[in-house]
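Structure, as C-alpha cells:
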Amino acid sequence: MGRVDSGRRGKDLRIGDPERERAIRLLGEHFSAGRLELAEYDERSKLAAAARFGSELDGLFDDLPGPRPLGELAPATTRPAPSVGNVALAVGAVALLLALVVVARPIGLMLLFPTVAIIWFVWRRR
C-alpha cells in the first residue's frame, strides 16, 4: 500500500483533486488581485498540485487573506443524515402504495403511477 508518513501528527487528512484544484483557483485569484508575483504563483501552484495532505495546502495560504482552500470545501464533502421528516415521508409513501395495490387492486394499479410521480416530485423538492 505504500509507505506511511510517520512524521504526520494529529488529524492531518489526505486531500484529493477537488481540494487541489480549489487551492490553485484561489491562488489564481490572489495573483489576479496583485497579492502574488508570477514566480510566487507558479511555485505555490506546483506545490498545491503535488500536495497530499491538508496542512500542505494550508501552508500555502498562511500569508494570504480570504478563504482557505479547505475551509469551505469540507462541509460539502459530507452528506447530512436523513431527517425524521424524510424517513416519515418514505415510510408513508410505501404504506400508501401498498394500500393502493392490495386494497383496491384495479383502481390501485391505475393510481400507482400518478402516486409514484407525486411522491417522487415531493421528495425531490425537499
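Values in this text are rule-based calculations from the coordinates and carry no lab data. In this text, all values refer to a predicted model and were calculated from it rather than measured experimentally.
The figures follow:
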item	result
Amide hydrogen neighbours beyond the local backbone of residue 53, cut-off 5 Å, H modeled	15
Built amide H within the under 5 Å cut-off of residue 36, gap 5+	31
HN-Hα J in Hz across segment 47-60 - Karplus 6.51, -1.76, 1.60, θ = phi - 60°, x for Gly and Pro	5, 5, 5, 9, 5, 10, 10, x, 5, 5, 6, 4, x, 6
Length gained when the stretch residue 87-residue 37 is fully extended (0.36 nm per residue, less Cα-Cα span)	12.7 nm
